[in-house]
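Asks: Below is the structure I would like to discuss, written out as structure tokens.
The values are calculated or read from the model by the stated rules, or taken from the named source; none is laboratory data. Because the structure is predicted, anything quoted here is derived from the model rather than measured. Positions of Cβ are backbone-derived with ideal geometry, glycine not excepted, and every protein chain shown enters the neighbour counts. Heads up: the accessible areas ignore ligands, DNA and RNA and are worked out on the full protein's heavy atoms, side chains in. Shrake-Rupley method; radii C 1.70, N 1.55, O 1.52, S 1.80 Å.
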Amino acid sequence: MAILGNKVVAASLSVSLFMTGMIGSSVSAKEQKVPLGLEKKENVKVQILSVNDLHGKINVSEQFKDDPNTYGNAAYLAAYLRDREQTNENTLIVHSGDMVGGSPPVSALYQDEPTVEIMESIGFDVGTVGNHEFDEGVDELLRLTYGGDHPNGTANYDGIDFPMVAANVVYKDSGELVLPPYYIKNIKGQKIGFIGVTTTETPNMVVAKGITNVDFTDEAEAINKYVPELAKRGVEAIVVLAHVPGSQAGESASGEIAKLATEINDKVDVIVAAHNHQKVDALVDNKLIVQAGEYGKAFADIDLEIDPLTGDIVKKEAEIVDVIQEGVTPDPEVSAILEKYSTAIAPKLNEVIGQAANSMQGGYITKDYFGDNALGNLIADGMNAAMGSDFAMMNGGGIRANLNAGEITWEELYNIQPFGNTLVTIEVQGSEMEEIVNAQISSYGPDASIGGFHYKWDSATGKVTEITLPDGTPIDQNATYTLTVNNYMYDHYSDKYKLRAYGKNPVQGPDDLQATVDFVKSFTSPIAYEAEGRIINISGAQ
């Protein structure tokens with residue numbers, strides 16, 4: 001098997017590393033006249049392979065414009081990792097969170113247990129949690145970690161067979177940690193400590209009711225609390241698995257992960273970042289920071305050397321390796337797992353729901369003159385249809401894929417709305433709508449797609465200037481309107497959307513995916529949605 005990309009050709013690399021491993025001094029300590037036991041020992045070479053932000057996309061491949069290669073898919077990721085593992089007998093495989101959540105059906109329909117099965121097949125050694133591990137709350141996180149049956153899961157599910165660590169997630173009532181803060185791995189007599197932390201922004205990104213019993217404490221304070229404890233246990237080599245975002249900035253890194261590097265104890269040697277799906281390979285405050293993109297399309301290969309006398313990491317370097325499928329044989333064990341689950345759910349996935357006359361883009365609203373998008377408009381209208389409401393708002397982050405022209409399958413719609421959110425309809429006064437719409441406008445622009453009303457806003461001020469009905473009639477400030485959102489927006493931890501503040505008489509509805517499925521089914525001819533100026537930036541380019 002040959003792995004292409006970056007600097008690896010497996011056959012030759014394996015041979016060269018094997019040969020390097022065989023090279024050593026043939027002069028004994030006695031011949032050197034060094035007292036027995038005090039002779040200089042070779043550094044212990046350790047390889048750490050890291051993955052982040054897989055999001056359960058175990059069967060997903062991706063191609064890019066003007067790039068002939070195909071990237072991703074867990075069977076290919078496994079092939080790369082196993083091949084790299086052969087180049088160093090002291091190899092650990094780790095992850096920095098969001099390995100599940102927002103997953104495609106092949107994983108999500110079984111509560112992401114297929115992703116766990118594949119991670120176990122690959123042989124992960126330790127991981128931490130990201131915000132998406134909390135999508136279904138603390139109880140489901142613990143079930144997925146330690147085992148237990150779920151109505152949608154697999155029979156006799158026994159949990160994750162490698163340690164999960166998180167030093168900054170604590171129960172509010174007791175202050176006790178939800179998961180162990182760190183894990184110590186002994187390699188060739190050398191101890192390596194792994195501390196896990198997740199972003200303190202987690203409460204703002206998951207449904208609040210599932211995490212009401214926990215706090216997410218400051219990441220740096222949590223790390224600094226446990227570094228001395230590791231030192232007391234004889235650990236000098238420390239790696240932080242941090243679900244904290246960062247970006248490459250020339251030879252250095254920027255963002256929250258770079259700030260974290262300057263705030264934590266200098267005994268930390270390596271930080272494996274995550275969350276914003278970027279590629280990072282940089283040194284900040286003498287700490288090596290890596291992040292390997294997203295969705296199993298890349299991984300980080302970190303090479304360390306540990307002084308056997310002091311236990312310190314004395315050399316560290318890394319590379320980000322793309323998972324390119326061309327010329328690589330997918331791992332047969334992981335391929336078999338994928339086939340097992342894909343076959344089981346195929347009838348559901350392949351069900352044709354409707355027809356799209358054109359491709360439809362989703363995601364966030366832009367700052368363009370016409371800021372709305374076709375897919376967001378379709379989903380918002382489906383929400384109104386499902387609940388019989390006047391208005392609807394759909395957050396941009398909840399639209400996870402675009403819709404292609406042609407047949408619309410259930411799988412496509414699932415991949416667009418994979419979170420299992422439910423609809424909530426509230427009553428609001430016309431006079432309150434301006435505050436509600438303003439609340440979802442940030443420096444990036446508006447968040448939500450809308451249905452049942454139009455509005456204009458000014459990117460110069462970040463404020464709404466006009467709200468009307470679709471025919472251009474101003475909304476009645478004294479009228480009561482019904483507004484449908486999903487429970488992520490309604491039950492948001494900080495109520496940043498102001499929906500609980502202003503909304504009255506909430507009514508629960510079906511899950512958001514089913515609303516879209518039913519709406520698509522209602523069309524008797526191919527659907528031809530487009531951006532139509534539901535949201536207009538009066539300062540935007542036309």
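Asks: Shape call for segment 440-542 from the C-alpha gyration tensor, a ≥ b ≥ c root eigenvalues: rounded (a/c under 1.5), prolate (a/b greater than b/c) or oblate?
Replies: oblate
Asks: Given a Förster radius of 45 Å and the C-beta distance between N186 and Q63 as r, what FRET efficiency does 1/(1 + (r/R0)^6) yield to the nearest 0.05?
Replies: Calculated value: 0.60.
Asks: To the nearest 10 degrees, how steeply does helix 332-349 sit against the main Cα axis of the chain, on a 0 to 90 scale?
Replies: Helix 332-349 sits at roughly 10 degrees to that axis.
Asks: Of all beta bridges DSSP finds with both residues in the chain, what is the antiparallel percent, to the nearest 5?
Replies: Looking only at bridges with both residues in the chain, the antiparallel portion is about 70 percent.
Asks: What list of ³J(HN,Hα) couplings, whole Hz, do you get for segment 489-498 from phi and the Karplus terms 6.51, -1.76, 1.60, once you set θ to phi - 60° and write x for glycine and proline?
Replies: 3J(HN,Hα) across segment 489-498, in whole Hz: 5, 5, 9, 5, 3, 9, 6, 5, 7, 6.
Asks: Output the Kirkwood hydrodynamic radius of segment 219-278, Cα pairs only, in Å rounded to one decimal.
Replies: 12.0
Asks: Which value results when the Cα radius of gyration for segment 205-310 is divided by 2.2 N^0.38 Å?
Replies: It is 1.17.
Asks: How far apart, in nm, are two points set 7 Å out from the Cα along the Cα-to-Cβ line at K348 and at K521?
Replies: Going from the K348 label point to the K521 one covers 1.5 nm.
Asks: For the chain, find the longest principal axis of its Cα atoms and tell me its angle to the long axis of helix 137-146, 0 to 90°, nearest 10.
Replies: Roughly 30 degrees, rounded to the nearest 10.
Asks: Residue-wise, which Karplus ³J(HN,Hα) couplings in Hz belong to segment 284-289, taking 6.51 cos²θ - 1.76 cosθ + 1.60, θ = phi - 60°, and x for glycine or proline?
Replies: For segment 284-289, the Karplus curve yields 10, 6, 6, 10, 6, 10 Hz.
Asks: Which whole-number percentage describes the relative contact order of segment 274-329, with Cα contacts under 8 Å and a sequence gap of 6 or more?
Replies: It rounds to 29 percent for segment 274-329.
Asks: Also, quick follow-up: Please compute the volume of the convex hull spanned by the alpha-carbon atoms of the chain and report it per residue in Å³.
Replies: Cα convex hull per residue, to the nearest whole number: 168 Å³.
Asks: Using modelled amide H (1.01 Å from N, peptide plane; none on Pro or chain starts), what sits under 5 Å from the amide H of K191, excluding residues fewer than 5 places away?
Replies: Hits under the 5 Å cutoff: E236.
Asks: How much of the accessible area of the chain, in percent, comes from carbon and sulfur atoms when a 1.4 Å probe is used?
Replies: That fraction is 49 percent.
Asks: I've got another one for you. Among the listed pairs K188/K340; K65/K367; K232/K287; K65/K496, give every one whose C-alpha distance is greater than 30 Å.
Replies: In this structure, K188/K340; K65/K496 lie more than 30 Å apart at Cα.
Asks: On to the next question. Among all stretches of the chain without exposed GluC sites (Glu not before Pro) (DSSP loop, at most 10 other Cβ atoms within 10 Å), which one is longest?
Replies: Here the longest run is 252-542.
Asks: Could you tell me the relative contact order of the chain? Use alpha-carbon pairs under 8 Å, at least six residues apart, and round to a whole percent.
Replies: It comes to 15 percent, rounded to a whole number.
Asks: Given axes a ≥ b ≥ c from the Cα gyration tensor, I'd like to know whether segment 187-245 is rounded (a/c under 1.5), prolate (a/b larger than b/c) or oblate.
Replies: Prolate.
Asks: Here's another thing I want to ask about it. How much length is gained if the chain between L283 and Q429 is pulled fully straight, taking 0.36 nm per residue apart and subtracting their Cα-Cα distance, in nm to one decimal?
Replies: 47.3 nm
Asks: Let me ask something additional. Just for segment 248-302, what percent of DSSP beta bridges are antiparallel, to the closest 5?
Replies: 75
Asks: So what are the ³J(HN,Hα) numbers for segment 59-76, from phi and the Karplus equation (6.51, -1.76, 1.60; θ = phi - 60°), rounded to whole Hz, Gly and Pro as x?
Replies: Calculated HN-Hα couplings, in order: 10, 9, 10, 9, 10, 10, 4, 6, 10, x, 8, 10, 10, x, 5, 4, 5, 7 Hz.
Asks: Report the convex hull volume per residue for segment 59-185, counting only C-alpha atoms, in Å³.
Replies: 135
Asks: Amide H of T70 versus every other amide H placed in the peptide plane: which residues, excluding those fewer than 5 positions away on the same chain, fall under 5 Å?
Replies: Q325, E326
Asks: Estimate the FRET efficiency between R233 and I538 by the formula 1/(1 + (r/R0)^6), using the beta-carbon distance for r and 45 Å for R0, to the nearest 0.05.
Replies: My answer for the efficiency is 0.15.
Asks: For n ≥ 4 DSSP H runs only, could you compute -39500 (n - 2.57) per run for the chain, divide by its residues and tell me the 222 nm figure to the nearest 500?
Replies: -7500 deg cm²/dmol
Asks: Another question about this same structure. If you roll a 1.4 Å probe over the heavy atoms of the protein chains, what accessible area per residue do you get for segment 410-497, in Å²?
Replies: 38
Asks: State the extension gain, in nm to one decimal, for the chain segment bounded by Q477 and N438, taking 0.36 nm per residue of separation less the distance between their alpha-carbons.
Replies: Contour length minus the Cα-Cα distance gives 12.5 nm.
Asks: Pairs of alpha-carbon atoms within less than 8 angstrom and 6+ residues apart define the contacts here; what relative contact order does segment 281-395 have, in percent?
Replies: 13
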